[in-house]
Amino acid sequence: VHLVESGGGLVQAGGSVRLSCAASGRTFSSYAMGWFRQAPGREREFVAGISGSGLSTGYADSVKGRFTISRDNGKNTMYLQMNSLRPEDTAVYYCATASDRYYRTNAKYDYWGQGTQVTVSS
């Protein structure tokens, strides 16, 4: 399984960025996926998750109402639309695939991308 994130960069506070995660190596729609992030000196944290069908999603409280996770199973790609960005959103963002198609808060994620840096300036 190969996951490649893209779309990161430098953005001003209040701005928007869309991250993409292109997947290959397994039947894309059969697995839930998630976005995680890790800021310097902090542990990696869950950001958002989505079921294999795309019908079920979940978000960390810190991003709820600002970020939207989605997926296009025809393109084997997952997205994270990030709006109203804050300096505290600065982190390396990772995508990951879960071990089955169901989104759940305690899902086990077994494959990870290399990450993409998002930097939000104040």
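Laboratory data are not the source of any read-out in this text; all were calculated from the coordinates shown. None of these values were measured; they are calculated from a predicted model. Positions of Cβ are generated from backbone atoms using ideal geometry, with glycine treated the same way; all protein chains shown enter the neighbour counts.
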Point to revise | Linear extension gain, Arg104 paired with Ala60, 0.36 nm per residue minus alpha-carbon span | key: 14.6 nm
Check your understanding: If you count the DSSP beta bridges with both ends in the chain, what percent of them are antiparallel, to the nearest 5?
Key -> 90
Revision key, fill the gap. Trypsin sites (Lys or Arg not before Pro) in region 55-119 lying in a DSSP loop, each with at most 15 other Cβ atoms within 10 Å of its Cβ, come to Lys64, Arg66, Lys75, Arg101, Arg104, Lys108
Point to revise | Positive-end residue of Ser30, Met82, Val4, charge dipole of the chain with Cβ unit charges | key: Ser30
Practice item. Whole Å is fine, so just give me how far the alpha carbon centre of region 51-122 lies from that of region 26-50. Key: 5
